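Structure record follows, encoded as structure tokens.
Every number in this text was worked out from the coordinates using simple rules, so none of it is lab data. Note that the coordinates shown come from a computational prediction; the quantities given were computed from them, not determined experimentally. Every residue, glycine among them, receives a Cβ derived from its backbone with ideal geometry; neighbour counts consider all protein chains shown.
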């Protein structure tokens with residue numbers, strides 16, 4: 001079948017990488033470390049996908065801005081201690097290879113830092129599978145459309161030929177803001193009931209479902 005989309009942009013945490021639970025616990029631990037009230041699981045997981053400081057500030061409204069640098073440092077401390085326990089969701093590598101065989105351009109649009117993404121790409125041996133990437137510390141955080149706009153401009157792809165795939169409402173709203181279509185995945189940070197108002201083309205509940213849909217409709 002002919003491709004509907006030339007460029008497919010993936011969120012990272014909770015979409016490709018099985019990291020939602022660990023990130024949630026690291027956010028909670030960091031907030032407690034600096035004297036804040038422990039966020040609920042829902043509040044901590046909601047901010048996944050945002051830029052780090054934007055996320056931590058949202059998850060810890062009782063922590064003063066003066067403590068944000070310490071808050072960020074404590075989050076990184078906890079995450080670094082756990083990062084080797086995180087892996088790709090089962091089936092992601094075959095999915096990415098199948099899309100490469102279809103000659104889709106593959107990119108990453110993530111709330112991670114550049115250093116964090118590069119380390120993750122190295123750890124899971126994904127070098128060469130992605131044509132480009134953008135991180136929150138080198139452009140605007142989600143749901144601002146700049147990540148997608150920069151990727152589309154770099155790879156010379158129009159919004160109507162671009163698909164964003166993510167596990168949060170931040171991802172799907174970013175797609176809307178950039179004039180792109182989206183697909184949600186329900187196995188990450190946000191409950192899929194919140195996706196419907198953002199009109200994704202499809203909501204995948206498993207990686208095989210995502211692969212089947214992309215190969216048939218992408």
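Using alpha carbons only, how many degrees (0 to 90, rounded to 10) separate the axis of helix 20-33 from the longest principal axis of the chain?
Helix 20-33 and the main axis of the chain meet at about 20 degrees.
So how do 142, 38, 112 line up by other beta-carbon neighbours within 10 Å, fewest first?
Working: 142 29, 38 14, 112 25.
Lowest to highest Cβ neighbour count: 38, 112, 142.
Region 26-86 to region 169-184: how many Å between their Cα centroids?
Cα centroid to Cα centroid, the span is 25 Å.
Sorted by mean Cβ packing within 10 Å, highest first, what order do the peptides 145-151, 7-13, 102-108 take?
Values: 145-151: 22.4, 7-13: 26.1, 102-108: 18.4.
Peptide ranking by packing, descending: 7-13, 145-151, 102-108.
What distance in nm separates the simple spin-label points at residue 155 and residue 68, each placed 7 Å from Cα in the Cβ direction?
3.1
I'm a student and want to see the number: the projected area of the Cα convex hull of region 20-85, averaged over all directions, in nm². Write out the running numbers ahead of the final one.
Numbers: hull surface 15.1 nm².
Mean orientational projected area (region 20-85, Cα hull): 3.8 nm².
Would you mind putting 16-27, 193-204 in packing order, based on average other-beta-carbon counts within 10 Å, highest first?
So the peptides 16-27, 193-204, ranked by packing, come out 16-27, 193-204.
Taking just the C-alpha trace of region 1-110, give me its Rg and Dmax in Å.
Calculated on Cα positions, Rg and Dmax stand at 16.9, 56 Å.
DSSP beta bridges in the chain, what fraction antiparallel, as a percent rounded to 5? Provide the component values of the computation, followed by the final result.
On the way: 1 of 21 bridges.
Of all bridge pairs located within the chain, approximately 5 percent are antiparallel.
Does anyone have the angle between helix 207-217 and the longest principal axis of the chain? Alpha-carbon axes, 0 to 90°, nearest 10?
The angle comes out at about 40 degrees.
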